[in-house]
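Student: Below is a structure I'd like to ask you about.
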Amino acid sequence: MLKTERQAYILRKIDLHNRVLSSDLSTEINVSEDTIRRDLNELAELDKIIKVYGGALSKSFHSSFLRSNVYKADGKKIIAEKAVSLVQHDMFILTTGGTTVVEMARILPPGLQATFFTGSIPAAYEYAQHPNIQVIFMGDRISKSSQIAVGGEAISRINSIKADLCFLGINAIDGAGVSDNDWEVVQVKQAMIKASKKTVVLSITEKINTRQRFAVCGLDEIDTIITDSEPENPLFEGFVAAGVKLL
C-alpha cells in the first residue's frame, strides 16, 4: 500500500471511529508501528488529526461539533430526525455523547417536555438550550477520546436511573453486537443499557458490519437501530433476522 493510500485509510478510520490505536492500524495495514507513527505525525502536522499517545483522535469530532466539520453530517441529521420521532412527553432518556446525539439534541421540538440524562458535555449544552427539557448531567472524569464522563461515579449515578429510552451513539456494530475502542466508555454504555427499558442504536451506514476491540452488548440487548439508509437495505438482513427493529 502506497503512503498516500495508507494515510487515506487512516483518515477514514479516524473519521469513522473517532479514535484509532497505532497497534490496530499496524495489524490492519500490515506495516510496522513505526511506519504508522510516522504517518500519524505527518497527518497531525497537516492539521488533519489530533495525535495522542498510542494513536490519534478525529479533529472534526473535537472541534466544538460545528456542523461543517462533522463527518457524514447529512446522514447524521437524517438519523437524528428519525430518533426524535421516538421521543414522547415526560420520558426519562439516557444518551451517550457523539455528533449524532448532539444533532438530535439540537432538533428536539420546542414543546417537548422530558428529562435527559447524559455525561456528554456537548450534548448537555444542547439540551440546556431547550425551553422545556430537564437536563441532569452525570459528571465524573471526562474521556478525551469520547468527550463523555467515565468512571465509578458516573456509573453509580446511571445505576440509580430507570430510563424509558437509551440513545446509544456507537463506534461499530456487526452480527455479534455493538463494540467500542475505549474500555471505560464501554462500561458506561453497558450501565446505560441496563438502566433503560429500551435501547436505540444510532449509526451511520458505514459503521454497520464493522467491529472494534471491546464488546458493549449483543444484538439481543438492542431494540432498534436507526441509520441513514432505508430499512430494506440488504446490509441489515442479519439484524432483522436477530429481531432488531430498523428505522
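Student: Return only the number of the condition from (1) within 30 Å of residue 162 (Cα to Cα); (2) without any contact (Cβ under 8 Å) to a residue 12 or more places away in the chain that residue 120 does not satisfy.
Tutor: Among (1) within 30 Å of residue 162 (Cα to Cα); (2) without any contact (Cβ under 8 Å) to a residue 12 or more places away in the chain, residue 120 violates only (2).
Student: Here are the criteria: (1) in a helix (DSSP H, G or I); (2) touching a residue at least 40 places away in the same chain (Cβ under 8 Å); (3) aliphatic (A, V, I, L, M). Tell me which single one residue 191 does not satisfy.
Tutor: Among (1) in a helix (DSSP H, G or I); (2) touching a residue at least 40 places away in the same chain (Cβ under 8 Å); (3) aliphatic (A, V, I, L, M), the lone unmet condition for residue 191 is (2).
Student: Okay, next question. Just to verify a result, which residue in the range 156-174, among those that are more than 21 Å from residue 104 (Cβ to Cβ) and among the small types (Gly, Ala, Ser), is surrounded by the most Cβ atoms within 10 Å (Cβ to Cβ)?
Tutor: 156
Student: Still on this structure: Look through the range 87-127, keep the residues that are of a type in the set (Gly, Ala, Ser) and not in a helix (DSSP H, G or I), and return whichever of them is surrounded by the fewest Cβ atoms within 10 Å (Cβ to Cβ).
Tutor: The selected residue is 111.
Student: If you take the residues in the range 208-233 that are open to solvent by less than 20 Å² (accessible area, probe 1.4 Å) and touching a residue at least 60 places away in the same chain (Cβ under 8 Å), which one is farthest from the chain's Cα centre (by Cα)?
Tutor: Looking at the filtered set, the residue picked out is 224.
Student: Would the range 46-66 turn up any residue that is part of a helix (DSSP H, G or I) and either in contact with an Asp or Glu (Cβ under 9 Å, 6 or more places away or on another chain) or modelled with pLDDT of 85 or more (or both)?
Tutor: Taking every residue of the range 46-66 in turn, none turns out to be part of a helix (DSSP H, G or I) and either in contact with an Asp or Glu (Cβ under 9 Å, 6 or more places away or on another chain) or modelled with pLDDT of 85 or more (or both).
Student: Could you pull out the residue among 128, 124 that is modelled with pLDDT of 90 or more, closer than 29 Å to residue 205 by Cα and not hydroxyl-bearing (Ser, Thr, Tyr)?
Tutor: Criteria check complete, one pass: 124.
Student: Tell me whether the range 234-247 contains one or more residues that are among the β-branched types (Val, Ile, Thr), modelled with pLDDT under 95, part of a strand (DSSP E or B) and surrounded by fewer than 19 Cβ atoms within 10 Å (Cβ to Cβ).
Tutor: No, there is no match, as no residue in the range 234-247 is among the β-branched types (Val, Ile, Thr), modelled with pLDDT under 95, part of a strand (DSSP E or B) and surrounded by fewer than 19 Cβ atoms within 10 Å (Cβ to Cβ).
Student: Any idea how many residues of the range 175-206 are open to solvent by less than 30 Å² (accessible area, probe 1.4 Å) and of a type outside the set (Ser, Thr, Tyr)?
Tutor: 17
Student: Next question, about the same structure. Being within 15 Å of residue 95 (Cβ to Cβ), part of a strand (DSSP E or B) and touching a Ser or Thr at 6+ places or on another chain (Cβ under 7 Å) is true for just one of 200, 185. Which residue is that?
Tutor: When all the criteria are applied, what remains is 200.
Student: Pull up the range 128-155, narrow it to residues that are open to solvent by 20 Å² or more (accessible area, probe 1.4 Å) and among the polar types (S, T, N, Q), then point me to the one that is nearest to residue 183 (Cα to Cα).
Tutor: Ranking the candidates gives 146 first.
Student: Give the residue, chosen from 8, 83, that is within 20 Å of residue 122 (Cβ to Cβ), of a type outside the set (Phe, Trp, Tyr) and within 23 Å of the chain's Cα centre (by Cα).
Tutor: Matching residue, one of 8, 83: 83.
Student: Can you tell which of 34, 47, 15 is open to solvent by 20 Å² or more (accessible area, probe 1.4 Å) and more than 24 Å from residue 143 (Cα to Cα)?
Tutor: 34
The values are calculated or read from the model by the stated rules, or taken from the named source; none is laboratory data. Everything numeric in this text was worked out from a predicted model, so none of it was measured. Positions of Cβ are backbone-derived with ideal geometry, glycine not excepted, and every protein chain shown enters the neighbour counts. SASA here: full protein model, heavy atoms, side chains in, ligands and nucleic acids out. Shrake-Rupley method; radii C 1.70, N 1.55, O 1.52, S 1.80 Å.
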